[in-house]
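I have placed the structure first, in the form of structure tokens, so that the comments after it can refer back to it.
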Amino acid sequence: MPYDVELANRLREQLADEDGVTEKAMFGGRAFLLNGNMVVSAFSRGGMMVRVGPAAVKDALAKPHTEQITMRGREMTGWIHVATEGARTKRQVGAWTRRALEFARTLPPKR
């Protein structure tokens with residue numbers, strides 16, 4: 001399943017005013033990075049892949065339409081999946097994007 005192009009456009013819109021944001025194809029989706037660190041993605045399995053950080057995973061998973069991301073049988077620490085139902089509106093996408101940016105700003109830039 002290809003990623004949701006409309007969702008990628010909403011993510012792009014949410015991140016338009018943020019300095020240091022780039023985007024690229026990753027994991028079959030469209031990823032958005034801040035200073036080289038992946039923040040959020042329009043996920044190839046639908047919905048969003050959101051980087052909340054290890055300390056915030058439990059709280060994030062308590063929200064509707066979320067689950068732990070597992071790739072190749074391994075949990076992706078600090079990452080959650082927000083199902084399509086939780087990423088339909090500008091408000092929903094904005095809330096998750098802001099949360100992901102908050103964590104990404106704590107990371108050192110990648111070279």
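Let me know the charge dipole size of the chain about its Cα centre in debye, to the nearest 20, where only the beta-carbon of Lys, Arg (+1) and Asp, Glu (-1) is charged.
Here the chain has a charge dipole of around 200 debye.
What's the Cα-based Rg to Rh of the chain, Rh via Kirkwood?
0.92
Suppose R0 equals 30 Å; then what is the FRET efficiency for R105 and R45 from their Cβ-Cβ distance, rounded to the nearest 0.05?
The calculated FRET efficiency here is 0.65.
Counting only other residues whose beta carbon sits under 10 Å from that of L101, what net charge do I get with K and R as +1, D and E as -1?
Summing Lys and Arg as +1 and Asp and Glu as -1 gives +2.
For K110, which lysines qualify as cross-link partners when the Cα separation must be under 18 Å and same-chain residues fewer than eight apart are set aside?
Result set, ordered by chain and number: K24.
Work out the charge dipole of the chain with +1 on the Cβ of Lys and Arg and -1 on the Cβ of Asp and Glu about the Cα centre, then indicate which of V5, G53, Q92 is farthest towards its positive end.
Value: G53.
Test of understanding: extend the Cα→C-beta vector of A83 to 7 Å, then name every residue of segment 11-48 with backbone N under 12 Å from that spot.
47
May I ask you to compute the full-extension gain from D19 to N35, defined as 0.36 nm times their residue separation minus their alpha-carbon distance, rounded to one decimal in nm?
4.9 nm
Every number in this text was worked out from the coordinates using simple rules, so none of it is lab data. It should be emphasised that the depicted structure is a prediction, and the values quoted were computed from it without experimental measurement. Heads up, the Cβs are rebuilt from the backbone with ideal geometry, glycines too, and the neighbour counts pull from every protein chain shown.
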